[in-house]
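Undergrad: Could you have a look at this structure, given as structure tokens, before my questions?
The values are calculated or read from the model by the stated rules, or taken from the named source; none is laboratory data. Everything numeric in this text was worked out from a predicted model, so none of it was measured. Here Cβ is always computed from backbone atoms with ideal geometry, including for glycine, and neighbour counts include all displayed protein chains. SASA here: full protein model, heavy atoms, side chains in, ligands and nucleic acids out. Shrake-Rupley method; radii C 1.70, N 1.55, O 1.52, S 1.80 Å.
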Amino acid sequence: MLNTTEAANNKSAALPLPWPFSRSFAISLASVAIFFLIWQIAPALGWVNGRFTSQPSQVLVAGWTELGTATFWNAARISFTEFALGFALSLAVALPLAALMVTSKIARYMIDPPLMALYIAPSLILLPILILWLGIGMASKVAVVFLGAFFPIAVNTMAGMRQVDPKLLTMARAFGASRSRLFYSILIPSALPSLLTGIRLGIGRGVLGVIVGELYAAQAGIGYQLSTYGNSMRIDLLLVYALVVSTFGYVLTEFVRLLEVQVGKWGAK
Amino acid sequence: MTAKFLKRHAPLILGAVSMIGICVIWQAVVDLGFMNPFFVSRPTDVAQEILTQAEDGQLLRNIMESMKSFLIAISMAGVVGVGLGLLAGWFRDAEAALSPFIWFKYSAPTIAFYPIFIAFLGYGTPTIVAVAFLFALTPIYANTLAGIRSADRDLVRAARAFGARPLDIFLKVALPSSVPIVVAGLRLGVGRALTGVVVAELFGATAGLGYAVAESSQRLQTTRMMASIIVIIIIGVLLTQILSWAEKRTDAWRVQPDAA
């Protein structure tokens, strides 16, 4: 099998097919089409209860109307604001903290254990206590996003900064660079690829944080709509909102991945 | 002598100092009246609460309940994730058929579909297991796929030159060489399955650590909530440490290229 696939690869490398017609793409397309087809006809054939699964056609219709309503845009605006604020806050705290941990050994040894414990433990479990502290409004969701995004960003940035050429730091210090100058001119640019990896991982956790937070206790936002439509069994509308969230996370993650590739190329030069 | 000892164990000592320091500060700000114990409780109260719950069996019951869901979910995710990963890693067509769903699964916050799980599986263990299973599936699948693909090309070529059939190459070259990466995927999966269990328990359960957190938060019993949160964090750290250890063990037999 490996033989044939390798041979096929060599062939396609020598004779590049136009992209949309590659074998893999056709198979992916067919597999998605079959999935939608089964989903569409299953309720009609009585295999599943359509009330629980909805149908692609229903979701399409629901999406078409719902995406034009003020309800949707209002919920999207609130959730996006929570996400953006929490993410900005985690960047603003994680970067200086990572720099501190790289430049001072004592700080690293002291901050590392609690940081790693919260990084690998399910930090979403802090949600109920955040709600107790900050209420069920936007503040508690901003805090959840912060918690989700902060740890991957801090840990990855620190790993990147530790690989900075020590000679660069020594030289900059010898020429009298200030601490903030070291941070902006050496540490951040050198750690950029790892920082982007941290941001990419943080996006997924941040989006999850917003949704979990709003599902758990909220008065508005995409997660709140999900819970409302879920309780009233409007599965078509539920899927529309879930798809919007997925698309948002996917597009943002892919964008950062592209940036990572670009920065990687620049670093290699 | 003392200085040398201090220097060698600096990470451990300073780490312990910082953990103890956090507890002391936490205790002090409450005792000195800077903070209301209603919001943050006290380390001594939390420790007392954990001991009380350990004695009357409540703690063990919640841990067992969560671990039951966790073990079912991680076993299912392990079997399905490794199975699909092997399939997709070996047959490119299988990967092409699966990849759109995996992409979607990767970018969609699983918990958004929680109401659908409730509709199909009802409140309780089946839904919790399903959420945790989906949380854990992606990293296990992705790592298994990468592990099979990363088989040393020279080894594959050598095996083929000596007349190995594709099945032999799969069983004797690709599969063994993928083990460390698969175990790394399982470690990621363990962390995510635990997140899945406690998050799903927050929303709807009748027992378990996540349920204990949600229930005591509704009753505004901060000490009980903190006790369960701390137990969850400790379990998360322990499980990940065990898998990290296993990861090192499975990687040990590999001859390091620069060591040879």
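Undergrad: Among the candidates A:ALA8, A:ALA14, A:ALA76, which residue alone is modelled with pLDDT of 80 or more and either out of contact with any Pro (no Cβ under 7 Å at 6 or more places or on another chain) or open to solvent by 70 Å² or more (accessible area, probe 1.4 Å) (or both)?
TA: Values: A:ALA8 fails: modelled with pLDDT of 80 or more; A:ALA14 fails: modelled with pLDDT of 80 or more.
Just a single option satisfies the conditions, and that option is A:ALA76.
Undergrad: May I pose another question? Taking the stretch B:119-150 on its own, how many of its residues are closer than 23 Å to A:GLY223 by Cβ, open to solvent by 30 Å² or more (accessible area, probe 1.4 Å) and part of a helix (DSSP H, G or I)?
TA: Initially, the stretch B:119-150 is screened for residues closer than 23 Å to A:GLY223 by Cβ, giving B:119-124, B:126-138.
From what is left, the residues that are open to solvent by 30 Å² or more (accessible area, probe 1.4 Å) are B:120-121, B:123, B:126, B:133-134.
From what's left, part of a helix (DSSP H, G or I): B:120-121, B:126, B:133-134.
Within the stretch B:119-150, residues that are closer than 23 Å to A:GLY223 by Cβ, open to solvent by 30 Å² or more (accessible area, probe 1.4 Å) and part of a helix (DSSP H, G or I) number 5.
Undergrad: Looking only at the stretch A:105-117, filter to residues that are more than 7 Å from chain B (Cβ to nearest Cβ) and open to solvent by 50 Å² or more (accessible area, probe 1.4 Å); which one of those is farthest from the chain's Cα centre (by Cα)?
TA: Filtering first and then ranking leaves A:LYS105.
Undergrad: Answer yes or no as to whether A:ALA98 is touching a Ser or Thr at 6+ places or on another chain (Cβ under 7 Å), of a type outside the set (S, T, N, Q) and closer than 30 Å to A:ALA149 by Cα. So that I can check it myself, show each step before the final result.
TA: Numbers: touching a Ser or Thr at 6+ places or on another chain (Cβ under 7 Å): yes; of a type outside the set (S, T, N, Q): yes; closer than 30 Å to A:ALA149 by Cα: yes.
Judged against the criteria, A:ALA98 is a match.
Undergrad: Mind checking whether some residue in the stretch A:260-269 is closer than 22 Å to B:TYR106 by Cβ, free of Cβ contacts under 8 Å to residues at least 60 places away in the same chain and surrounded by fewer than 20 Cβ atoms within 10 Å (Cβ to Cβ)?
TA: yes
Undergrad: Say whether the condition of being open to solvent by 10 Å² or more (accessible area, probe 1.4 Å), facing chain A (nearest Cβ under 8 Å) and either under 30 Å from B:PHE39 (Cβ atoms) or touching a helix residue (DSSP H, G or I) at 6+ places or on another chain (Cβ under 7 Å) (or both) is met by at least one residue in the stretch B:181-191. Let's see the steps before the verdict.
TA: Kept after step one, since they are open to solvent by 10 Å² or more (accessible area, probe 1.4 Å), are these residues of the stretch B:181-191: B:181-184, B:186-188, B:190-191.
Filter once more, so that each one left must be facing chain A (nearest Cβ under 8 Å): B:191.
Then drop every residue that is not either under 30 Å from B:PHE39 (Cβ atoms) or touching a helix residue (DSSP H, G or I) at 6+ places or on another chain (Cβ under 7 Å) (or both), which leaves B:191.
Looking for residues that are open to solvent by 10 Å² or more (accessible area, probe 1.4 Å), facing chain A (nearest Cβ under 8 Å) and either under 30 Å from B:PHE39 (Cβ atoms) or touching a helix residue (DSSP H, G or I) at 6+ places or on another chain (Cβ under 7 Å) (or both), one finds at least one in the stretch B:181-191, hence yes.
Undergrad: If you check B:SER177 against the conditions, is it of a type in the set (S, T, N, Q) and open to solvent by 50 Å² or more (accessible area, probe 1.4 Å)? Walk me through how you get there before you give the answer.
TA: Details: of a type in the set (S, T, N, Q): yes; open to solvent by 50 Å² or more (accessible area, probe 1.4 Å): no.
Taking the combined requirement at face value, the residue does not satisfy it.
Undergrad: Tally up the residues in the stretch B:208-229 that are under 19 Å from the mean Cα position of the chain (by Cα) and either among the charged types (D, E, K, R) or within 13 Å of B:ILE50 (Cβ to Cβ) (or both), please.
TA: Matching residues across the stretch B:208-229 total 3.
Undergrad: Just to verify a result, which residue in the stretch B:203-224, among those that are free of Cβ contacts under 8 Å to residues at least 40 places away in the same chain and open to solvent by less than 10 Å² (accessible area, probe 1.4 Å), is farthest from the other protein chains (Cβ to nearest Cβ)?
TA: First pass over the stretch B:203-224, keeping only residues free of Cβ contacts under 8 Å to residues at least 40 places away in the same chain: B:213-219, B:221.
Those left that are additionally open to solvent by less than 10 Å² (accessible area, probe 1.4 Å): B:213-214, B:216.
On the way: B:VAL213: 5, B:ALA214: 6, B:SER216: 8 Å.
The residue in question is B:SER216.
Undergrad: Go through the stretch A:85-96 and give me each residue that's among the aliphatic types (A, V, I, L, M) and open to solvent by 40 Å² or more (accessible area, probe 1.4 Å). Step through it out loud before you land on a result.
TA: Our first condition is that a residue be among the aliphatic types (A, V, I, L, M); within the stretch A:85-96, this holds for A:85, A:88-89, A:91-95.
Passing the criteria: A:LEU85, A:ALA88, A:LEU89, A:LEU91, A:ALA92, A:VAL93.
Undergrad: Restricting attention to the stretch A:25-48, does a residue exist that is in a loop (DSSP other than H, G, I, E, B) and either at pLDDT 85 or above or open to solvent by 80 Å² or more (accessible area, probe 1.4 Å) (or both)? Before the answer, list the steps.
TA: Of the stretch A:25-48, the ones in a loop (DSSP other than H, G, I, E, B) are A:46-48.
In the following step, the residues that additionally are either at pLDDT 85 or above or open to solvent by 80 Å² or more (accessible area, probe 1.4 Å) (or both) were identified as A:47.
The answer is yes; a qualifying residue exists.
Undergrad: Is it the case that B:VAL40 is within 14 Å of another protein chain (Cβ to nearest Cβ), of a type outside the set (S, T, N, Q) and in contact (Cβ under 8 Å) with a residue 60 or more places away in the chain?
TA: yes
Undergrad: Now for a different question. Anything in the stretch A:49-73 that is surrounded by 18 or more Cβ atoms within 10 Å (Cβ to Cβ), within 14 Å of chain B (Cβ to nearest Cβ) and among the hydrophobic types (A, V, I, L, M, F, W, C)? List them, or say none.
TA: A:VAL59
Undergrad: I'd like to check something: does the stretch A:127-148 contain any residue that is away from chain B (no Cβ under 14 Å), touching a residue at least 60 places away in the same chain (Cβ under 8 Å) and small (Gly, Ala, Ser)?
TA: yes
Undergrad: Take the residues of the stretch B:1-23 that are open to solvent by 90 Å² or more (accessible area, probe 1.4 Å) and modelled with pLDDT of 80 or more: which is nearest to the chain's Cα centre (by Cα)?
TA: Going through the stretch B:1-23, the residues open to solvent by 90 Å² or more (accessible area, probe 1.4 Å) turn out to be B:1-2, B:4-8, B:12, B:20.
Filter once more, so that each one left must be modelled with pLDDT of 80 or more: B:12, B:20.
Numbers: B:LEU12: 24, B:ILE20: 26 Å.
Among them, the one singled out is B:LEU12.
Undergrad: Taking the condition in contact (Cβ under 8 Å) with a residue 40 or more places away in the chain, within 11 Å of chain A (Cβ to nearest Cβ) and within 30 Å of B:ALA88 (Cα to Cα), does B:LEU243 pass? I'd like the intermediate steps shown before the answer.
TA: Details: in contact (Cβ under 8 Å) with a residue 40 or more places away in the chain: yes; within 11 Å of chain A (Cβ to nearest Cβ): yes; within 30 Å of B:ALA88 (Cα to Cα): yes.
Spelling it out, B:LEU243 is indeed in contact (Cβ under 8 Å) with a residue 40 or more places away in the chain, within 11 Å of chain A (Cβ to nearest Cβ) and within 30 Å of B:ALA88 (Cα to Cα).
Undergrad: Shifting gears a bit: Taking B:GLU65 as meeting all but one of (1) open to solvent by 80 Å² or more (accessible area, probe 1.4 Å); (2) closer than 30 Å to A:LEU134 by Cβ, write down the number of the exception.
TA: (1)
Undergrad: Let me ask something else about it. Could you grab me the full set of residues in the stretch A:159-203 that are within 20 Å of A:GLY86 (Cα to Cα) and in contact with a Leu (Cβ under 9 Å, 6 or more places away or on another chain)?
TA: Matches in the stretch A:159-203: A:LEU195, A:LEU196, A:ILE199, A:ARG200, A:GLY202, A:ILE203.
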